[in-house]
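The values are calculated or read from the model by the stated rules, or taken from the named source; none is laboratory data. Since we're looking at a predicted model, the values are computed, not measured. Every residue, glycine among them, receives a Cβ derived from its backbone with ideal geometry; neighbour counts consider all protein chains shown. Quick note on the areas: whole protein, heavy atoms, side chains included, nothing else; ligands and nucleic acids left out. Shrake-Rupley method; radii C 1.70, N 1.55, O 1.52, S 1.80 Å.
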Amino acid sequence: MTLPTRLTYRQLAMALSALTSKEKDRLDALQLAYERGLFPDLRLLSPALELLEDKGVKVSEYASEYILPAFGRAVLPYVEDGFHMKGKKLEANKLLVIAAVRDEEVDDLVLQCVKKGSSTVRKAAVRSMSGKLRFQQELIAQTSSRNSGIQEEAFRALAECQSELAVQHILNAYMSKANDVIDSVIRSHRNPQLDEKILQYMHALLDRGCEWLDDEGKQAQGRYFLQRFLLAMRDRSVERLHDFFRRAAEEHPFVRDLGWHKLIYDEAVRYSRLMGSRKELELMFVLESLDGDYMLEAVPMAFSIFSQKEFYEHYIALLNDKRTTGAVEQFQSFLKRFKQATRALMQEQLAEVEDELYRGSVSRYYGRWMEAQSQAPCRDMWDERWLDWAIEHDDPVMVGVLARPDHEGCRAYMEHALLLEQQELSYTIAVELLLLGMVRARMESECKWEAIMRVIEHPDNTNIREFSHSFIYIHADGMPSCYRERLEERLSRYRKWSWSLRQVEGILNQMNVRDDKPLSFITFNKS
């Protein structure tokens, strides 16, 4: 059989590079070349054959199952010559090529290799049976092999068989006992019949659950199987999973009485994040209404899917409804959770900006960092009405993040929070963000310096080991000498050698340098 030489020089160079590369990502390059249809070509046969003995197991197996079979019968003389079933890796890879090209012609050879071949060749023979119903009974027999490698290959091959018998055998093994082999196989399979069967079992557990309300033993057993089924379906984008999670949420009192609700709802959150559509967002809102703790998951998902306006109007309507229809304690609890969720989201957004700015940088340059933070990248992502809401509901984190120079209310709020309420000014993330808010709002430096001084003087801060990220120090840049006496008075109150103490000493050293005085304190290193 004659092979074509159909590739252009550019395509040929790309394929040769993939075949001969020694880089760690050479498997990705091979897969890309295969997907682009660059095989077969006569000029590529020789380097492709060399992959049979490649040191990378995944590379050699991929070449044996996909690349070399693409050359068709032209490759057979090179892999059949001298083949013996007692060999090791090379012979196992040859068998994969032979079985892929000849298919049913070599069924007898494959079965002989399963029974009489070396361990490595037996595994390859079982793998070559994958998805082939004519080998179904043999694969079922091999799932009982004492060799865990052969057992795993048998389960994986059987999982590719689209039959009721194969699906039921795998599920029976999965339910009988947990082991790494079957757990790994059932979480990575690609058989829609197996997914559908697992979903049927999950719904059946909900159907039977009403009979077990007075039987703790049955409840625990049902919970165990439900946990196994949910684990099997974890991270799988199967749309019918939505129906199960929605049903469990709609039957919440019954599911809660069984003690299964957290188990199911936590997996529903994972599934919703994976799918990431408005349909799953509605499911998240249902979970949020059943358990306020899920707001920490629902808020960021809603923020990523909704427009700014939609996000604002949805949660403002929800907050107003809770205020008018619920008890005061319920509303305060809901409000507290909402603030926690939005704070976590904003801090994550700020961290992403910071990571982007300093990616690959050894140290953080103060000027660039302050310049980036003063531009308030998060502010443009939120509806501007949130700033008024944050001031009304006393949310310093949100005010600090969304502060802008054209909003007098936020300037007055930050000045009041940092300067006048000293008793509540212990060092927290809110203090950091309010100081950044002053920068974003372009407030006078004097106001910021006085705020920093109040933080340093706060009695709860004397035992703090550090103001994180040199925060106090970098904001105090340019602080005038009129603060020296107050700073020096605080030095003795901080723990010796603490990072907070070094930041205060660094501020004093800045003053001494500007005033051309001897450096009597430790020099603070900005980097």
- Message: Quick test for you: out of ASP103, ASP54, pick the one residue that is more than 19 Å from LEU27 (Cα to Cα), out of contact with any Asp or Glu (no Cβ under 6 Å at 6 or more places or on another chain) and either among the charged types (D, E, K, R) or open to solvent by 20 Å² or more (accessible area, probe 1.4 Å) (or both).
- Response: ASP103
- Tally of residues being more than 26 Å from ASP103 (Cβ to Cβ) and over 32 Å from the mean Cα position of the chain (by Cα) across region 134-188: 3
- How many of the residues in region 431-460 are over 15 Å from PHE471 (Cα atoms), crowded, with 17+ Cβ neighbours inside 10 Å and touching a Lys or Arg at 6+ places or on another chain (Cβ under 9 Å)? 3
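State which residue is nearest to SER445 (Cα to Cα) when the search covers only region 492-505 and only residues that are at pLDDT below 80 and either among the aliphatic types (A, V, I, L, M) or in a helix (DSSP H, G or I) (or both).
Let us first name the residues in region 492-505 that are at pLDDT below 80, namely 492-500.
Cutting the leftovers down to either among the aliphatic types (A, V, I, L, M) or in a helix (DSSP H, G or I) (or both) gives us 499-500.
On the way: TRP499: 24, SER500: 21 Å.
It comes out as SER500.
Yes/no matrix, rows are residues, columns are (1) surrounded by 15 or more Cβ atoms within 10 Å (Cβ to Cβ); (2) within 25 Å of the chain's Cα centre (by Cα); (3) of a type outside the set (A, V, I, L, M, F, W, C); (4) under 26 Å from ALA220 (Cα atoms):
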residue	(1), (2), (3), (4)
ARG246	yes, yes, yes, yes
MET275	yes, yes, no, no
SER304	no, yes, yes, no
TYR312	yes, no, yes, no
GLY326	no, no, yes, no
- Considering region 1-56, residues that are among the aromatic types (Phe, Trp, Tyr) and part of a helix (DSSP H, G or I), and then whichever is nearest to LEU95 (Cα to Cα), we arrive at TYR34
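One line per residue, one yes/no per condition, for (1) at pLDDT below 95; (2) in contact with a helix residue (DSSP H, G or I) (Cβ under 8 Å, 6 or more places away or on another chain); (3) within 28 Å of PRO192 (Cα to Cα):
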position	(1), (2), (3)
LEU95	no, yes, no
ILE98	no, yes, no
VAL101	no, yes, yes
ASP108	no, no, no
GLN112	no, no, no
SER119	no, yes, no
ALA125	no, yes, yes
ARG146	yes, no, no
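Of the residues LEU434, LEU508, which single one is at pLDDT 85 or above, aliphatic (A, V, I, L, M), under 25 Å from ASP395 (Cβ atoms) and not in a loop (DSSP other than H, G, I, E, B)?
Working: LEU508 fails: under 25 Å from ASP395 (Cβ atoms).
None of the others qualify; the one that does is LEU434.
Residue under question is GLU421, and the condition is that it be exposed (fewer than 14 other Cβ atoms within 10 Å of the Cβ), more than 33 Å from the chain's Cα centre (by Cα) and modelled with pLDDT of 90 or more; does it hold?
no
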- Query: Name the helices (runs of 4 or more DSSP H) wholly within region 73-161 that hold at least 3 residues that are small (Gly, Ala, Ser)?
  - Reply: 89-102, 119-128, 148-159
- Message: Exactly one condition in (1) farther than 25 Å from HIS261 by Cα; (2) touching a residue at least 24 places away in the same chain (Cβ under 8 Å) is false for SER307; which is it?
- Response: (2)
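On the given criteria, is LEU283 open to solvent by less than 40 Å² (accessible area, probe 1.4 Å), in contact with a Ser or Thr (Cβ under 9 Å, 6 or more places away or on another chain) and assigned to a helix (DSSP H, G or I)?
Values: open to solvent by less than 40 Å² (accessible area, probe 1.4 Å): yes; in contact with a Ser or Thr (Cβ under 9 Å, 6 or more places away or on another chain): yes; assigned to a helix (DSSP H, G or I): yes.
The answer is yes for LEU283.
So which residues in region 12-21 are farther than 18 Å from PRO69 by Cβ and buried (at least 16 other Cβ atoms within 10 Å of the Cβ)? Outline the logic, then answer.
The initial filter retains those residues of region 12-21 that are farther than 18 Å from PRO69 by Cβ, namely 12-14, 16-17, 20-21.
Listed by number, the residues that qualify are LEU12, MET14, LEU16.
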- region 174-229: number of residues that are out of contact with any helix residue (DSSP H, G or I) (no Cβ under 9 Å at 6 or more places or on another chain), open to solvent by 50 Å² or more (accessible area, probe 1.4 Å) and among the aliphatic types (A, V, I, L, M): 1
- Selection from region 198-222 of residues of a type in the set (Lys, Arg) and within 20 Å of ARG246 (Cβ to Cβ) yields ARG208
- Query: Considering region 22-48 alone, what residues qualify as being surrounded by 13 or more Cβ atoms within 10 Å (Cβ to Cβ) and of a type in the set (Ser, Thr, Tyr)?
  - Reply: TYR34
- Using beta carbons and a limit of 6 Å, which pairs, at least six apart or on different chains, have the first residue in region 192-206 and more than 12 Å from GLU164 (Cα to Cα) and part of a helix (DSSP H, G or I) and the second one of a type outside the set (Ser, Thr, Tyr) and open to solvent by 40 Å² or more (accessible area, probe 1.4 Å)? LEU199/ARG240
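On the basis of being within 30 Å of GLU138 (Cα to Cα) and either under 37 Å from the mean Cα position of the chain (by Cα) or surrounded by fewer than 19 Cβ atoms within 10 Å (Cβ to Cβ) (or both), does GLU80 make the cut?
yes
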- Item | Failed item in (1) over 21 Å from the mean Cα position of the chain (by Cα); (2) open to solvent by 40 Å² or more (accessible area, probe 1.4 Å); (3) hydrophobic (A, V, I, L, M, F, W, C), with ILE316 passing the rest | (2)
